[in-house]
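Input: a single structure, listed below in structure tokens.
The values are calculated or read from the model by the stated rules, or taken from the named source; none is laboratory data. No experiment lies behind these values; they were computed from the predicted model shown. Cβ sites come from the backbone with ideal geometry, for glycine too, and all protein chains shown count toward neighbours.
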Amino acid sequence: MIHFVSCDILRIDGDDALLEIKYRVDAGQEIHSYQVKQGFSVEDGFVYIGTTEVIQGQRPGWAEYAPDHDLIHDALQDDYDERSGLFS
């Protein structure tokens, strides 16, 4: 089973975000990571994510874990400042 540790935004470039996702496998202590390029848009203060492209590392197999889309969405939504319309 995959246990996500974190999802960090490395860079925002237009309507693409570069994120690093860290996870553990089962009860192991070793932390693995992969980086994704995530397309997104913002409408009325809500972040909508599009296509996810792995650009470094290896994403765990789909059958092994709950999709990382919720984690990616939450990281982008939490970082978005609706008042300024910018990411921090």
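Listed here are the residues, each with its yes/no results for (1) touching a Ser or Thr at 6+ places or on another chain (Cβ under 9 Å); (2) over 15 Å from residue 75 (Cβ atoms); (3) of a type outside the set (Asp, Glu).
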residue: 3; (1), (2), (3): no, yes, yes
residue: 8; (1), (2), (3): no, no, no
residue: 15; (1), (2), (3): yes, yes, no
residue: 27; (1), (2), (3): no, yes, yes
residue: 34; (1), (2), (3): no, no, yes
residue: 38; (1), (2), (3): yes, no, yes
residue: 47; (1), (2), (3): yes, no, yes
residue: 51; (1), (2), (3): no, yes, yes
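Provide a single number: the residues in region 31-70 that are under 13 Å from residue 8 (Cα atoms) and either polar (S, T, N, Q) or at pLDDT 90 or above (or both).
So the first thing to find is which residues in region 31-70 are under 13 Å from residue 8 (Cα atoms), and the list is 33-38, 68.
Going one step further and asking which of them are either polar (S, T, N, Q) or at pLDDT 90 or above (or both), we end up with 33-38.
Within region 31-70, residues that are under 13 Å from residue 8 (Cα atoms) and either polar (S, T, N, Q) or at pLDDT 90 or above (or both) number 6.
If you go through region 37-76 one residue at a time, how many are closer than 16 Å to residue 7 by Cβ and in contact with a Gly (Cβ under 9 Å, 6 or more places away or on another chain)?
So the answer is 6.
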